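Following: one structure in structure tokens, then a few remarks.
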Amino acid sequence: MNDIRMMKKPGEKILLSGNEALARGAYEAGVKVASAYPGTPSTEILENLRNYEGVYTEWATNEKVALEVALGASFAGVRALATMKHVGLNVAADPLFTAAYTGVRGGLVVIVADDPEMHSSQNEQDSRNYALAAKVPMLEPADAAEAREFLRTAYRISEQFDTPVLLRTETRMSHVKGVVTAAEPEASPVTPGIEKMPEKFVMLPANARRRRVELGKRMERLKEYSETFPGTCVSWGDTKRGFITSGVASLYVKEAFPGASVLKLGMVHPLPEKLIRSFAAKVDEVIIVEELDPFIETQVKAMGISCRGKDLIPAMGELNPMIIKQSVTGVKESGFFEPVQIPMRPPNLCPGCPHRGIFYAISKLGVFVTGDIGCYTLAALKPLSAMDTCVCMGAGIGNAHGMSKALGPDALGKIIAVIGDSTFFHSGITGLVNIVFNCGNATVVILDNRTTGMTGHQPHPASGKTITGDPTVAVDIEALCRAIGVANVRTVNPHNSEECMKVLKEEISRPEPSVVIAKAPCVLIPEMKRRKDRKRYTSRVERCTGCRACLRIGCPAIEWVPLTPDEAKNLGYKEKQKGYSRINAVLCDGCGQCAPLCKFGVIVPEGEAEDAGR
């Protein structure tokens, strides 16, 4: 269903997040093909863009494929978009670097969303370094209004200079809302169609050498263009300090030092050297404020300009006005800039999550678990403590194979690799092929919950539907594993921990590759929310002995009620009993994972309890 907010008429104002504004900007820029892999903080761009008519959108199997799809659409003469988070650009780096050589036909933009402070990422990475290394221009908007306008401008740059363009956002800009003025969609000046241009698009060494020369010339032209880029501006004020900044950091600077002189860069690669020199000459001291790496600072110092930057401003984590003001003045700020302290909420798998059952079984085996990226990474936390590595998407399978080869026969029965279904399609298949090809013996557990859970339940190749909800082929994971040579493939119900433990024990003892598919849908997908056969559990708390066995599964719906000796006695318990467990009826999803853990018959389906609570 189309979102009414997306359908505003030209000239109307609309309140949008940065990601929503980027979707609006893509529509107004005349984008025809957009491909992405979901990843916070970039996911909502494509989810909103799919609401616009005339734009083909898709969730690709990974970011490399997404960029290759967008590049192919560009070769066909239409404007194309690929979106991803910062670690996704690592995956897409291969086609990006060569796309800088081939150039484009229709405009091509890659939006990359960085995640300072690692709110939902395994590392902190500054994607501006990719612009420098790949020799492509990069724009960095500061708010939602600039996000929409910069994206439109990016397509003009792409076609004018025959180059892919990177547009960098950050978590704060991606999610904070701002006022955006809608505009008419524009048409690309390029005529769509197939045009054979092997000397431009086939990067054999002879062609690539010629294109490398063109790439150098292009960057020189872009340096001149950066001097007049419309998104770069100077705000003059007190010239005692002059700040050079970009993106959301520029808003922090203006809030912390409203009267200062500020050079806000809209294009962060290549930098406008003449403008920077002119600005620096008119202020007493230059301070560079940027999140993460000293990207601008390093280049400004290379120009021979004296400046301060990371000797004052932190190079790790998110910035904010308070951090910037304290860093520059050395005076501890309080009051207006002081962040609000909110209660800590430990992350946890949802009540009824199928991952909890399989990880509980794994935790009882005492094996080393090479893990992966997803909501199931939370199994690394207590009380499950059932994940021992987490590097990048797909790495768990390769890690398990490497460990088994390093340890030889001693590894048998001691290592399990765990990967989610969406991650398996993203980058796990090749690792599994590698195990088979190289005669490994690792056991791989694929957590098949029918969706991409961590980023908001986007469909994937086994879900049976596309981004728009249209039916499509649902890849059979079990058949796929058998097709690539895994002889031992078994499917289990992850809610049944005893069955899982039995199967896992058998499979990890095999001296050959094996796959266990833990198959049960995520409790948050619509079909599960609407199901009518759900039977919640409750507690016969008078039977509880306080053994705490049920707490070992870590379900938020199981609550521990502490008791003093007098309270225990008054409630009919033994005086030494320190408390009792009970099921929170509001949180319980009815998965039944907890019931077998209790040997005293405390946990029972609703309707069977003699006394559900005290």
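The values are calculated or read from the model by the stated rules, or taken from the named source; none is laboratory data. No experiment lies behind these values; they were computed from the predicted model shown. No Cβ is skipped: glycine too gets one built from the backbone with ideal geometry, and neighbour counts run over all protein chains shown.
Residue check: is Lys382 under 30 Å from Thr228 (Cα atoms) and basic (Lys, Arg)? So Lys382 does not fit the description; no.
Selection of segment 382-418 for residues being surrounded by fewer than 23 Cβ atoms within 10 Å (Cβ to Cβ), without any contact (Cβ under 8 Å) to a residue 60 or more places away in the chain and not in a helix (DSSP H, G or I) yields Ser385, Asp388, Thr389.
Taken over segment 314-349, the criterion of being among the hydrophobic types (A, V, I, L, M, F, W, C), at pLDDT below 90 and part of a loop (DSSP other than H, G, I, E, B) is satisfied by Val331, Val340, Ile342, Met344. Given (1) assigned by TED's automatic domain parsing to the domain that holds Gly601; (2) basic (Lys, Arg); (3) without any contact (Cβ under 8 Å) to a residue 12 or more places away in the chain, identify the lone condition not met by Arg543. Among (1) assigned by TED's automatic domain parsing to the domain that holds Gly601; (2) basic (Lys, Arg); (3) without any contact (Cβ under 8 Å) to a residue 12 or more places away in the chain, the lone unmet condition for Arg543 is (3). Assess whether Pro258 counts as being in contact with a Leu (Cβ under 9 Å, 6 or more places away or on another chain) and assigned by TED's automatic domain parsing to the domain that holds Ile324. Here the answer is no, as Pro258 does not meet what is asked. Within segment 229-255, the residues that satisfy the criterion of being farther than 23 Å from Asp115 by Cβ, surrounded by fewer than 18 Cβ atoms within 10 Å (Cβ to Cβ) and out of contact with any Leu (no Cβ under 7 Å at 6 or more places or on another chain) are Pro230, Cys233, Ser235, Trp236, Gly237, Asp238, Thr239, Lys240. Inspection of segment 580-587 identifies at least one residue that is exposed (fewer than 14 other Cβ atoms within 10 Å of the Cβ) and out of contact with any strand residue (DSSP E or B) (no Cβ under 9 Å at 6 or more places or on another chain). With respect to (1) on the phi < 0 side of the Ramachandran plot; (2) under 30 Å from the mean Cα position of the chain (by Cα), the lone exception for Glu499 is condition (2).
Determine if segment 467-482 includes at least one residue that is crowded, with 22+ Cβ neighbours inside 10 Å and either among the acidic types (Asp, Glu) or not assigned by TED's automatic domain parsing to the domain that holds Lys64 (or both). Outline the logic, then answer.
First, pick out the residues of segment 467-482 that are crowded, with 22+ Cβ neighbours inside 10 Å: 481.
Now narrow it down to the ones that are either among the acidic types (Asp, Glu) or not assigned by TED's automatic domain parsing to the domain that holds Lys64 (or both): 481.
The answer is yes; a qualifying residue exists.
Do any helices (runs of 4 or more DSSP H) lying entirely in segment 241-305 carry at least 2 residues that are within 29 Å of the chain's Cα centre (by Cα), among the β-branched types (Val, Ile, Thr) and closer than 19 Å to Gly317 by Cβ, and which ones are they? Steps first, please.
Details: elements: 247-256, 273-281, 295-302.
Passing ranges, in order: 247-256.
Look at segment 103-123: where a residue is more than 15 Å from Glu44 (Cβ to Cβ) and modelled with pLDDT of 90 or more and a partner is hydroxyl-bearing (Ser, Thr, Tyr) and not in a loop (DSSP other than H, G, I, E, B), sitting 6+ places away or on another chain with Cβ atoms under 6 Å, you get Val104/Ser74; Val104/Ser158; Arg105/Ser74; Gly106/Ser74; Gly107/Tyr155; Gly107/Ser158; Leu108/Ser74; Leu108/Ser158.
For segment 101-151, a residue qualifies if it is small (Gly, Ala, Ser) and crowded, with 24+ Cβ neighbours inside 10 Å, and the qualifying residues are Gly106, Gly107, Ala113, Ser127, Ala131, Ala142, Ala144, Ala147. Here Val503, Val515, Val486 are screened, and the one residue that is at pLDDT 95 or above, part of a helix (DSSP H, G or I) and not basic (Lys, Arg) is Val503.
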